[in-house]
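Only one structure is covered here, and it is reproduced in the block below.
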Amino acid sequence: MAKLVRLKDIADRIGVSTVTVSKALSGQKGMSEELRDKINILADEMGYVPSVSRKVGNTVKSYTLGVLISEAYMSEYSSFYNRMHQQVSQIAMDRGCFTMLEVISSENEEKKVMPRIIGDGKVDGAIVIGRMGEGYLKMIKDESNIPTIYLDFCNHKGDEDAVVSDSYNGAYCLTNHLFDMGHKTIGFVGTILASGTITDRYLGYIKSLLEHGHPFIGDWIIPDRDLDTGVMDYDRFFTLPEDMPTAFVCTCDITASMLIKKLRENGYKVPDDISVVGYDNYLYPGLCDIKLTTFGVDSYEMGRNAVINLIRKISGERYRQGITIIEGHMIEGESVKRLN
């Protein structure tokens, strides 16, 4: 269990008294705004949660946060976004807020139907988990002007607040690891431009290839899903090239598990014949019987930043605007073989 963060812990880190920390967190006067912001930011970073008595005694307002997810991400295998939604809900509850989930159908997204929880005024702000169409997001912004945070994607227009993982650097590190393990021919599995996340991971893979002086081979870029809908299709995609590389970087763990299945159906053993790395460090139970080498995404920290930023945005407080990038870490499994 995580250690309970006390006022004294925050005070010791900054070098002030516990009374000063208490005043800053409760909004009392008697200090500079710079010091108040510093204390509040550190409290969030340390995971400080006010006690029930403090919440009742102060004028901390409870908000209802809407969570919007496309139905394309809610299939039986999309466990990563299911976990992210659960974490967001728990983090919001820990901060005295509640969440309402609405799954957006592809039809409503195409017809630009306003989410009911927003149209009916049931939520104070919204977190959108996973990319949706730019036209649909623009409609929500223009017609409701509700405070919104994007989670696990951004639109790169410079006018949004978003929390994303470091997909570019993560795929770069995974590809470098394969080179370090002796691999010289490395492919990529993922439909480029199907999402910003996939494209960023592809670009990280390409950067590693360029730095190691290895050419780009078009046949080794294998699509895994429909470009327009983003839906994975094992039968339509995952077509293996005739001239096989020794390793593949996959855009996510689910893609990696499907690739491993395809490789085995074609007589290849993982990792004896072909090495495979995934991404996310989260896989639906039973999809893969081998522990993947992957890149762990800190989904809890992403959710925590999204909730904190949205609460501050709703209340009119200063918050971290723009795109927040949360780092991850590589996790070595059993799906990569060292070559001589």
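Tell me, in nm to one decimal, what length is gained between residue 8 and residue 94 on full extension, where the rule is 0.36 nm per residue of separation less the Cα-Cα distance? Walk me through the numbers before you get to the answer.
Numbers: separation 86, 0.36 × 86 = 30.96 nm, distance 2.03 nm.
Full-extension gain reported as 28.9 nm.
Set Lys and Arg Cβ to +1 and Asp and Glu Cβ to -1, take the dipole of the chain about its Cα centre, and tell me which of 118, 245, 186 lies farthest positive.
118
Going by C-beta contacts inside 10 Å, put 291, 262 in order with the fewest on the left. The partial results should precede the final answer.
Values: 291 12, 262 17.
Listing 291, 262 from fewest to most nearby Cβ atoms yields 291, 262.
Connecting C-alpha atoms closer than 10 Å in a GNM of the chain, tell me which of 32, 299, 275 has the biggest fluctuation.
Comparing 32, 299, 275 in a Gaussian network model of the chain, the most mobile one is 32.
Under the rule of -39500 (n - 2.57) per DSSP H run of 4 or more residues, summed and divided by the residues of the chain, what mean residue ellipticity at 222 nm is obtained, to the nearest 500 deg cm²/dmol? Show your work: numbers first, answer last.
Working: 12 runs with 134 residues, N = 340.
Mean residue ellipticity at 222 nm (helix-derived): -12000 deg cm²/dmol.
Under 11 Å from the Cβ of residue 106, count the other residues' Cβ atoms, weight Lys and Arg +1, Asp and Glu -1, and hand me the total. Mind dumping the intermediate values first?
Values: positive: 111; negative: 71, 107, 109, 110, 228.
Combined, the nearby Lys, Arg, Asp and Glu give -4.
If a/c stays under 1.5 just call it rounded; otherwise compare a/b with b/c (prolate if a/b is bigger, oblate if not). Do that for the range 167-296, with a ≥ b ≥ c from the square roots of the Cα gyration tensor eigenvalues.
Details: a/c = 1.27, a/b = 1.11, b/c = 1.15.
It comes out rounded by the Cα gyration axes.
Which one, 270, 128, 164, has the greatest fluctuation when you compute a Gaussian network model over the chain with C-alpha springs under 10 angstrom?
Ranking 270, 128, 164 by mean-square fluctuation puts 270 first.
How much net charge surrounds residue 231 when only the other residues with a Cβ under 11 Å from the Cβ of residue 231 are counted, with Lys and Arg +1 and Asp and Glu -1?
Numbers: positive: 225, 236; negative: 71, 224, 226, 228, 233.
It works out to a net charge of -3.
Quick one, which of (1) 51; (2) 58; (3) 42 is the actual percent of Cα pairs over 27 Å apart calculated for this model?
(1)
Tally Lys and Arg at +1 and Asp and Glu at -1 over the other residues with C-beta under 11 Å from the C-beta of residue 166: what net charge comes out?
Working: positive: 201; negative: 200, 298, 327.
So the environment of residue 166 carries a net charge of -2.
For the range 122-226, which trypsin sites (Lys or Arg not before Pro) are both in a DSSP coil and crowded by at most 11 other Cβ atoms within 10 Å? Spell out each step's value before the answer.
Values: sites: 122, 131, 138, 141, 157, 184, 201, 207, 225; in loops: 122, 131, 157, 184.
Counting only loop positions with at most 11 other Cβ atoms within 10 Å, the trypsin sites (Lys or Arg not before Pro) in the range 122-226 are 157.
Which residue fluctuates most in the GNM of the chain (Cα springs below 10 Å): 194, 24, 72?
Result: 24 has the largest fluctuation of those listed.
Give me, ordered by chain and number, the residues 5 or more places off residue 187 or on other chains with an amide H under 5 Å from its own placed amide H.
247, 248, 249
Which entries in 269/291; 8/38; 111/313; 112/138; 111/141; 184/291 show an alpha-carbon gap greater than 21 Å? Please list the in-between numbers first.
Details: 269/291 14 Å; 8/38 15 Å; 111/313 28 Å; 112/138 9 Å; 111/141 15 Å; 184/291 23 Å.
Correct reply: 111/313; 184/291.
Report the relative contact order of the range 90-187, percent, no decimals, based on alpha-carbon pairs under 8 angstrom and at least 6 residues apart. Mind showing how you got there, number by number?
Details: 79 pairs, mean separation 17.1, N = 98.
With pairs under 8 Å counted, the relative contact order is 17 percent.
Since every read-out is calculated from the coordinates, none of them should be taken as a lab result. Note that the structure is predicted; figures quoted are calculated from it, not measured. Quick reminder, even Gly has a Cβ in these numbers, built from the backbone with ideal geometry, and neighbours come from all protein chains shown.
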